[in-house]
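Peer 1: If you scroll down you'll find the structure; I have some questions about it.
The values are calculated or read from the model by the stated rules, or taken from the named source; none is laboratory data. Note that the structure is a prediction, hence the values are computed from the model and not measured. We work out accessible area using only protein heavy atoms, side chains counted, and drop any ligands, DNA or RNA first. Shrake-Rupley method; radii C 1.70, N 1.55, O 1.52, S 1.80 Å.
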Amino acid sequence: YVAISLPLVCLAYLVWTRYRNSRLLRCVPLVLFVVALVSFPYNCNYDRWTFYRWRRWESDRFRHDALAGMSSADLAHKYWKAFYRDQDEALLVEQIEILRKARLGPFRGENN
């Protein structure tokens, strides 16, 4: 929904910057603020927080298994549905190997 509404917000701001001396358009910053204020609770709804907590839990489990020395193939097999539902499992294996070689994330302390 952000992708749909953002051009309208940008257009309103651009019109305001061009014609800000008009009495009617002096209230545009206030209107933009009210729109942001009204949309804030929607962005914090229960389903979004539930998804966040689930994703965080999966990420913590992934990190724990990676630190325990699980192979890239095993990590990908166990977690690809959590991170790449619509992609191939091999893509996650490849990306885990990139992280391992670069020593990023949970692979920071590895000596490989």
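Peer 1: In this structure, does TYR19 turn out to be open to solvent by 60 Å² or more (accessible area, probe 1.4 Å), of a type outside the set (Gly, Ala, Ser), at pLDDT below 85 and closer than 30 Å to LEU75 by Cα?
Peer 2: no
Peer 1: Just a yes or no: is a residue in region 34-51 more than 27 Å from the chain's Cα centre (by Cα), aliphatic (A, V, I, L, M) and at pLDDT 75 or above?
Peer 2: no
Peer 1: Further question: Provide a single number: the residues in region 65-90 that are on the phi < 0 side of the Ramachandran plot and more than 19 Å from the chain's Cα centre (by Cα).
Peer 2: 16
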